[in-house]
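Peer 1: Quick one: the structure is below, and I'll ask about it shortly.
The values are calculated or read from the model by the stated rules, or taken from the named source; none is laboratory data. The shown structure was predicted, so the numbers you read here are calculated from the model rather than taken from an experiment. Cβ sites come from the backbone with ideal geometry, for glycine too, and all protein chains shown count toward neighbours. When the accessible area is computed, the model is the full protein with side chains, heavy atoms only, and any ligands, DNA or RNA have been set aside. Shrake-Rupley method; radii C 1.70, N 1.55, O 1.52, S 1.80 Å.
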Amino acid sequence: MHRAQQIADNLARVRERIAAAARRSGRTSEAITLVAVTKTHGPEIVRLAQAAGITDCGENRVQEAEPKIAALRDLPLRWHLIGHLQRNKARRAVALFDMLHSVDSLRLAQTLDRLVAEQSAPRRLPVLLQINVSGEASKEGFALPGGLDNRQALPAFYATLAQIITLPHLELRGLMTIAPYSDDPETTRPVFRALRLLRDDLARRFPQAAWDQLSMGMTNDFEVAIEEGATIVRIGRALFGERIT
Ligand SMILES: *Cc1c(COP(=O)(O)O)cnc(C)c1O
């Protein structure tokens with residue numbers, strides 16, 4: 001099948017599944033932003049996705065995203081950084097992306113705040129805090145295994161957050177997590193639920209931020225994530241097929 005048709009068909013199927021999961025959570029698909037994860041795919045594939053209706057793209061590495069975004073400047077796409085960000089790449093990330101999902105330390109947040117302040121056009125950069133709620137050692141993010149049940153780690157996390165929330169050039173919108181890989185999405189439901197409960201708690205404690213976004217759910221588990229309250233799903237393989245690299 002032609003690649004453009006294939007992507008359009010995949011997108012239609014993913015949108016149907018998003019809409020059905022949204023209904024099960026008492027919402028409509030308008031409440032869910034689909035971020036097409038375009039890592040490993042070239043600009044020509046992104047063009048096909050955009051022509052099929054994609055408005056938001058996700059990349060996990062600044063290095064790979066930089067030339068891709070440059071090659072696609074003519075398209076009205078919003079770009080999301082979904083992978084770990086090293087501070088020495090923060091300047092480029094601030095220039096490239098519309099939202100950062102992977103803020104995972106106070107130092108990184110402070111660096112980003114300073115870099116946004118230095119930009120010629122004043123703006124606030126939308127960010128999410130990445131939280132490791134599953135406790136998997138391989139995962140980046142603020143380490144908060146168990147979420148709200150983690151009485152040990154919570155006080156330090158609240159203290160860090162109290163500082164991040166005062167940074168004037170960042171617009172804190174919510175939380176992001178990556179669930180452990182599993183072929184059975186039900187096993188990841190508690191991870192998504194823990195992130196939502198944490199967000200609800202933070203929204204009560206820190207009402208100065210919007211807390212309206214929960215970035216959770218990928219090809220394997222996005223329906224369960226939506227049932228648990230995801231507002232952003234990050235989907236690669238269900239749209240573009242298996243990654244070869
Ligand atoms: C690669 C990636 C995705 C997309 O994963 P798929 O299984 O292809 O849907 C989502 N989020 C992050 C952080 C990723 O690195």
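Peer 1: With the structure loaded, tell me whether G83 is open to solvent by less than 70 Å² (accessible area, probe 1.4 Å), at positive phi and either within 15 Å of the ligand (Cβ to nearest atom) or modelled with pLDDT of 95 or more (or both) or whether it fails that test.
Peer 2: no
This table checks each residue for (1) away from the ligand (no atom under 16 Å from the Cβ); (2) within 25 Å of T28 (Cβ to Cβ); (3) open to solvent by less than 20 Å² (accessible area, probe 1.4 Å).
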position	(1), (2), (3)
P155	yes, no, no
L161	yes, no, yes
H169	yes, no, no
D183	no, no, no
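Peer 1: A further question follows. Out of all the residues in the range 38-77, which are within 18 Å of R15 (Cα to Cα) and in a strand (DSSP E or B)?
Peer 2: Correct list: D56, C57, G58.
Peer 1: What number of residues within the range 51-78 satisfy the criterion of being open to solvent by 20 Å² or more (accessible area, probe 1.4 Å) and within 16 Å of the ligand (Cβ to nearest atom)?
Peer 2: Adding up the residues that qualify gives 5.
Peer 1: For L108, indicate whether it is touching a residue at least 24 places away in the same chain (Cβ under 8 Å) and open to solvent by less than 40 Å² (accessible area, probe 1.4 Å).
Peer 2: no
Peer 1: Next question. Can you name the residue in the range 194-222 that is open to solvent by 50 Å² or more (accessible area, probe 1.4 Å) and either under 14 Å from R15 (Cα atoms) or among the small types (G, A, S) (or both) and, of all such residues, is farthest from the ligand (Cβ to nearest atom)?
Peer 2: Residue satisfying both the conditions and the ranking: A210.
Peer 1: Condition check: open to solvent by 20 Å² or more (accessible area, probe 1.4 Å), modelled with pLDDT of 95 or more and not in a loop (DSSP other than H, G, I, E, B). Does A238 satisfy that?
Peer 2: yes
Peer 1: Right, next: Out of the residues in the range 13-39 that are surrounded by fewer than 16 Cβ atoms within 10 Å (Cβ to Cβ) and either within 16 Å of the ligand (Cβ to nearest atom) or among the aromatic types (F, W, Y) (or both), which is farthest from the chain's Cα centre (by Cα)?
Peer 2: Among those residues, the one meeting the criterion is R13.
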